[in-house]
Structure formats: C-alpha cells, structure tokens
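The block underneath contains the structure these notes are about, expressed in structure tokens.
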Amino acid sequence: MKKFLAIVLSVLMLVALVACGATTTTETPPVEAETPAPTPAQTPDEDEEDDEPAGGTLTVWCWDPTFNIFAMEEAARIYAEMNPGFELNIVDMAWDDIQIALTTAATAGNLDVLPDIVLMQDNAFQMNVINFPELFLDLTNSGIPFNEFAAAKAGMSMVNGNNFGVPFDNGTTITALRTDVLEEAGYTMEDFENVTWNEFIELGRSVLAQTGMPLLATEAGGGDYIAFMLQSAGVSLFNADGSPNIADNAALIEAINVYLELVESGVVLEVNNWDEYIGSFVNGTVAGTIAGCWILGSVQSADDQAGNWGVMSIPRLDIPGGTNYSNWGGSSWAVTSNANAELAIDFLRHTFAGSTELYEVILPAAGALSTWAPAANSTVYAEPQPFFGGQAVFADIVRFSGNVPAITTGVFFYEARDAVGFAVVDILGGADIEQALQEAQDLLVFQIG
Amino acid sequence: MQMSERAITRKPKLSLAQKRGLTGWAFLAVAAGLIIWMNFYPMVRGFYIALQSGVGANMQFAGDLNFRRLFADPQFRQTISTTFLYLVVQVPIMLLTALALASMLNNRNLKGRGIFRTAIFLPCTVGLVAYALVFRQMFAFDGLINTILINVGILETGHNWLGTAWSARLVIILGLLWRWTGFNMIFYLAGLQNIDRSIYEAARIDGANPFQQFWKITIPLLRPVILLTAIMSTNGTLQLLDESLNLTMGGPGITSRTMAHQIFATAFQGNPNIGYASAMAFVIFVMVAVLALLQMKVGDKR
C-alpha cells in the first residue's frame, strides 16, 4: 500500500511540479504574433525537409532564474532569429525535483512526461545515464562539435566514450568578498590571495571582531565545503577502483577540522537551506561567499552592493598537494528520448555549442563561464566588470580554472557526499572524527554493495 | 411486500433471505473490488517488488536480499528510532490535549464556543507543505522564534533550531501538535455529544465531582473514539513524511528523518533502489498492523 501511495504521490507531485513551476515562454519577435502558437504540450509536426527545422516548440527543465534559465532565454532569443517561429518553454524546476522526476519516469517506464532538454548536474550525469540508459539520447554522432569543449568538462557527461550531454557552465570555485566591509576592517582583497585556510580563518576572526559580520555562510553540515576542499588538494572520496576512501583519509580529516574551525570561530555562519544561504550575502548578513563561479549571478542581484565586491581564488589546505583552486558544481544539457530530437539537437548546436554571441551575453550578466573553447577566446572575458570594482573577474576565473586538480567522482558521488555530511553532523555534536568517518565509510560500502 | 412475494413465486429457487443476501453482495462487490484493486493489489505487488533488486526498468529477482539488508542498515535503524520517538512523545500529548480541549469546549455555558472550536480546528485546513514551510521560516536562525526569544531576554544569541538534532526533532513534534490536535478534538467533541447528559446529571446527584465524572463516565463512554484516534494517530505518525521532508529536510544529517522519508530518499534520490524501498515500506506496513492490533486488543472491551 505504501508503495502504491508513493507512486501516486510522486505522480501527483510530478504533475503539480510541471503545472506549478513558473513557466517562462520566450516568444519570438512580434512578427509571428498572428500565427496561433502551438501549445507547449504538443510536439510539433516533423518538418518535411530534414536539414532546417522551421518553428517548433521545445520544453526544457532547468533551475536558477539568474543563471540557467536566463541563459536558456537568451539562447532561445538567438535561435529564434535564425529559426523564426521557434518557441522555448522553460519549466523552472529545482535540481532535486528534476532528479526525482527522472527517476519516477524511468521507474514507471513512462517517458512521455519528459521534456525535450534537461539540465543535469555534472556530478549526477553519469549516474543517471548508467542507471537509466533508456532516458537519454546518445549525442556522439549528432554533429555537435564535442571536441571544441574543454576535455575534462565534456568527460563529465560521457559514458563508455559516448557523449550524452552538451557541456554548459564551469564550476570553478571562487571567494567573493565585500571590499567595503574588508576596508572597514583594514584589509584589501590582496590579503586573501594565496592564503591557507588557517590564515583565512585568522583574517575572518579579525573581520568578525571589527565589523560583526561573518565572512561566509553555508548550508549546515558543510558537505559542499568539504567536497571542494578535497578536490582542491586533488583528493577524492573514492579510490581509483571505485571503493570508498573516507576512513583514514588525511586530507578529509584536515578538511573537516578546517570546517569545524570555520564554524566554531564564527567565520562561517551555518544556515539551513539554500534560500537562507543566498539571502545571507544579498541581505548583507555576511561579508562574502565561497562557491562555484555560477554564484556570481546571485551576487550581482544585489544592486545596492555594486562596486563593492571582489573575487579571489579560494584558500588552500595546509597539506602536501594543497592548491588554491577547486571546482563546485557545473552542469550539462541532456536531450531526452522523448524529445523532438532533430529540433533539440539543432537548437543546442546553434546556441550552447556554436554561438559566441550567447556566451558574450550570459557571461557578464550571470557569470556563466563557457567551457566551449571558441567563446573562451572572446574579448568579453578581459573586460573590467563595474560590479566588481573594475576587476576583470572572468579573466581571473579562467586563470583559476586552468589550475583545478582533476579527481574521479563516480556514480556514488552523492551518497559519498551525504555520508561525509552525516559524519560532520555527528562530529559537530561531539563524536570522535576517526570513528565517525569509519561509520561513514561503512555506510557507503553498505549503500554501494 | 406484494411485489417481492410475486417475485418469489416467479423464481422459487431464491428465498427472500438469499435474495437480500445477493443484493447486499452486489452492492459490496463494487467497493470490495475497488479495495482489492487499489489497496490489496498494490500491497501484494509491493511485496513482489521488495523481492527484486536493480535500478529503473532492470529489476531482477533477489529473494530476501532486501530484507536481510534492512537488518544491517544503520540509517533505517536510526529513522525507525526517530519515528518511534515522535510517536511516543507526540501521540499521547496530542490525544490528552485534544481530550482536555474537547471536554472544555463541550461545556454548554462556555461563551464563544464556536469561535474556540473553529480556531482550534483551523490548523487542519492548512496544507501540510504550507505549514511545514511556515514553521521552517519561523524557526530559521534569523526567524520569528529566535527574534522573540532574544527580545524577551530568554536567549542571548539565537538557537539554531533546525541545525541541532534535538531541537529539530522538537520543532517537528511542535508542528505535529499544532497541526493535528484540533483534528482529534473534533472526534472527541462528536463522541461527547453522543453521551446522554442525564448520565452526568445522575452522577452529580450521587455526588460525583467533575474529575470523577471525567474518569468514570467520559473516558469509558468515549473508549471507541479514543481507540479510533489512537490508531489513526499511530498510523499517521509511522507514515510521517511531509514534515520531515519540508520542515527539517531530515536534517541535520538524517537525525530528524522519518521512515517514510527514508523510503522516499531510497526510492527517488541518488542511485534509486525501488526494491529496497518497497522492502522498507513493507516493514512499516507490518509495524502499523501490529500496533493497530495491539491497540484494539487493549482498547476494545466489547
């Protein structure tokens, strides 16, 4: 009965999500206004000629209005110029909800509910393609120039040498800080250059003491912090053979100690959900944030703080192999097997995999750093950004991104991250680090096996 | 009468009783069919899935693997103890409060009874997700509760309600009490109104004080209703999902996560394992059945 309820509830939720999600339809220029627009649910008729699909509607699931949705709207505008009559139906769905919707569709064997294009976290990409091969189109021979993308990034959406995703944004981690607050405490951005975490915490204590503002906020548990700290030292939660590397992982223990110190010193404010986190720096509760560079879209939503932000690379762990560079997040576009494949592929080929113009628009506005090589050479990257006090932040981030150590994440990335997150909660509650990590390792081994 | 007599003469094979029986069964058949289709079939099917292992459409028969796995699963054990904590703390408090409120509001001389009844029942009309989100906002670090407690002088700095295991569980229990007490009170009120007032009158003449009236008359006569609410609350608490999912998101860690939330997470998040999730669901089903049976044995004296 519970199983049945679970399915009914999930289906209801799915329907509700699709129905309630803020639907943004990007209309083509007013010339087309007279033609009756096809309803989003209808799949447009296949065009007779195979090469250039005219008009048509695509549905996309993605999240974050300041970033992914904004980028998709711009892409739709650019594509509609070369393909009049084209419409894009963007459904705003949180990543967690997209994952649940994909799982439900695959488990129920009902692929009709899927949109044409889905945005997927890179860390979940291989997991989903391996678990649900029937859900996604193999794009290897679709004509999309995958060799023009950064190899490491394109590799995140590859399974068995085949491409299943069109790479989108880069998740190089950055420290973004309020220069006006630092000034009040007698510091500049340069003081945060190439620091270790211990030095960073000392600076943070000083800023906190003088201004009353913590430097950072993060979602409680610190799973994300620990994940990017580990990657900055080139360490993974998995060994090369896929077995968990949690217990007796010296870098992990160091990262957890740093995190505990950050919380106990008050330099990091723990919040309980993502909205609180975004609010922490937009409302000025804290003086900055550390996250993937995609956070710049949200940072720039605080107009009143324009000119008062600076961007620096992140602190490093004080261990052999520790660097000031890491990666957090990043996502790629997948085409589902329920898609109007021809149109969806053509759309992606002429926008995210073929339009420098697109990246030149979304880069300064949203911080959407391209992983498509032709766009990375654009002069826009070198332009000083007024919001960041004239710093050419994107040139700096591109420089950071070249130094990020590569690590293996694997299919069980989320389980590993959660297991460590649970251990950190126990440790914050007074448990012994080594014992908590051993339990986390056992849990992960249990979940994999 | 005449009609049915004529009918009998035409079809002498069916007696009147048989005919009535058949009519009854015909009416029952629809409901029974629906219950079999929508309740029993999914139960059997769920058990069948619980015997399988795999991802998505690639499921293979795995025998009792999932059930053996359950006994070794530290997360499932933790969610069971959390859920039973909610059950043991919340259900008695809620039922006693509901009973007390109901007997107070059953007083005919009380002014504004209607307003009080409505006010106490009103939380039940609020959507589960909506109230969970409001509670989450209220108990946020810079939320209403902390602001009040700091301004009144009870706390010096805010308490991270949802970031600490014991207080996150407390917030869930508070939420449940707020949301469901009025619901149970309505059942008790209905039960109380079925008790003949003359019984109380007789008791008063015999010299029984209000306390004795409550224990000797109200409680015994309400027993079937109390049994009903106890079973419903137990059942509801063991299947608690919305509060865990939306209010605390199971956190910190999984310290406030319920069994149903664990099933949801296993079935739909990360690498999904619907077979294992079905096995967990089956275990909850057995638990609910056993507890309901126990309560009926204890509570039903007919």
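Listing for the model above:
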| read-out | value |
| --- | --- |
| Only listed residue being surrounded by 22 or more Cβ atoms within 10 Å (Cβ to Cβ), under 20 Å from A:PHE412 (Cα atoms) and at pLDDT 90 or above, chosen from B:ALA267, B:ALA277, B:ALA260 | B:ALA277 |
| Output for the range A:400-410, where each listed residue is in a helix (DSSP H, G or I) and at pLDDT below 85 | A:SER401 |
| Counted residues, the range A:94-119 - those being under 28 Å from B:LEU245 (Cα atoms) and more than 14 Å from chain B (Cβ to nearest Cβ) | 6 |
| Selected residue (only one of A:SER326, A:SER378, A:SER331 is among the small types (Gly, Ala, Ser), under 19 Å from the mean Cα position of the chain (by Cα) and farther than 15 Å from A:PHE168 by Cα) | A:SER326 |
| A:VAL420 being within 14 Å of chain B (Cβ to nearest Cβ), surrounded by 18 or more Cβ atoms within 10 Å (Cβ to Cβ) and in a helix (DSSP H, G or I) | yes |
| For A:HIS350: the one exception among (1) crowded, with 22+ Cβ neighbours inside 10 Å; (2) more than 28 Å from A:ARG178 (Cα to Cα); (3) not assigned by TED's automatic domain parsing to the domain that holds A:TRP309 | (1) |
| Single match in A:ILE397, A:ILE433 (criterion: at pLDDT 85 or above, surrounded by 16 or more Cβ atoms within 10 Å (Cβ to Cβ), under 25 Å from A:ASN123 (Cα atoms) and away from every other protein chain (no Cβ under 14 Å)) | A:ILE397 |
| Matching residues, the range A:258-277, being within 13 Å of chain B (Cβ to nearest Cβ) and among the hydrophobic types (A, V, I, L, M, F, W, C) | A:VAL263, A:VAL268, A:LEU269, A:VAL271, A:TRP274 |
| Tally, over the range A:369-384, of residues that are in a loop (DSSP other than H, G, I, E, B), in contact with a Gly (Cβ under 9 Å, 6 or more places away or on another chain) and either of a type outside the set (Ser, Thr, Tyr) or without any contact (Cβ under 8 Å) to a residue 24 or more places away in the chain (or both) | 2 |
| Where B:THR83 falls short, out of the listed (1) within 12 Å of chain A (Cβ to nearest Cβ); (2) among the polar types (S, T, N, Q); (3) crowded, with 19+ Cβ neighbours inside 10 Å | (1) |
| Matching residues in the range A:180-190 - criterion: being in a helix (DSSP H, G or I) and either within 13 Å of A:MET213 (Cβ to Cβ) or not assigned by TED's automatic domain parsing to the domain that holds A:GLY310 (or both) | A:ASP180, A:VAL181, A:LEU182, A:GLU183, A:GLU184 |
| Any hit, the range B:282-298, residues being free of Cβ contacts under 8 Å to residues at least 24 places away in the same chain and surrounded by 20 or more Cβ atoms within 10 Å (Cβ to Cβ) | no |
| So B:LEU105, is it within 25 Å of B:LEU189 (Cβ to Cβ) and in contact with a Phe, Trp or Tyr (Cβ under 7 Å, 6 or more places away or on another chain) | yes |
| Flag for B:ASN106 being more than 14 Å from chain A (Cβ to nearest Cβ) and surrounded by fewer than 19 Cβ atoms within 10 Å (Cβ to Cβ) | yes |
| Residues of the range B:262-295 satisfying the condition of being hydrophobic (A, V, I, L, M, F, W, C), under 16 Å from B:ASN58 (Cα atoms) and either more than 7 Å from chain A (Cβ to nearest Cβ) or not in a helix (DSSP H, G or I) (or both) | B:ALA277 |
| Within the range B:256-302, tally of residues that are under 20 Å from A:ALA416 (Cα atoms) and acidic (Asp, Glu) | 0 |
| Residue ID - nearest to the other protein chains (Cβ to nearest Cβ), chosen from residues in the range B:48-64 that are of a type outside the set (Gly, Ala, Ser) and crowded, with 17+ Cβ neighbours inside 10 Å | B:VAL55 |
| Residue in the range A:117-147 that is nearest to A:ALA334 (Cα to Cα), counting only those that are acidic (Asp, Glu) and in a helix (DSSP H, G or I) | A:ASP122 |
| Qualifying positions in the range A:108-133 - surrounded by 21 or more Cβ atoms within 10 Å (Cβ to Cβ) and of a type in the set (Val, Ile, Thr) | A:ILE117, A:VAL118, A:VAL129 |
| Residue within the range B:182-197 that is in contact (Cβ under 8 Å) with a residue 24 or more places away in the chain, under 23 Å from B:ASN235 (Cα atoms) and within 14 Å of chain A (Cβ to nearest Cβ) present | no |
| Residues of the range A:80-114 satisfying the condition of being at pLDDT below 90 and out of contact with any helix residue (DSSP H, G or I) (no Cβ under 9 Å at 6 or more places or on another chain) | A:ASP96 |
| Failed condition for B:ALA168, given (1) among the aliphatic types (A, V, I, L, M); (2) touching a residue at least 24 places away in the same chain (Cβ under 8 Å); (3) not in a helix (DSSP H, G or I) | (3) |
| Residue match in the range A:291-306 (condition: of a type in the set (Phe, Trp, Tyr) and farther than 26 Å from A:ILE427 by Cα) | yes |
| Selected residue (criterion: surrounded by the fewest Cβ atoms within 10 Å (Cβ to Cβ)) from residues of the range A:278-295 that are within 14 Å of chain B (Cβ to nearest Cβ) and within 21 Å of A:ILE69 (Cα to Cα) | A:VAL282 |
| Scope the range A:129-157; condition away from every other protein chain (no Cβ under 14 Å) and over 22 Å from A:ALA376 (Cα atoms); matching residues | A:LEU137, A:ASP138, A:LEU139, A:THR140, A:ASN141, A:SER142 |
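The values are calculated or read from the model by the stated rules, or taken from the named source; none is laboratory data. Note that the structure is predicted; figures quoted are calculated from it, not measured. No Cβ is skipped: glycine too gets one built from the backbone with ideal geometry, and neighbour counts run over all protein chains shown.
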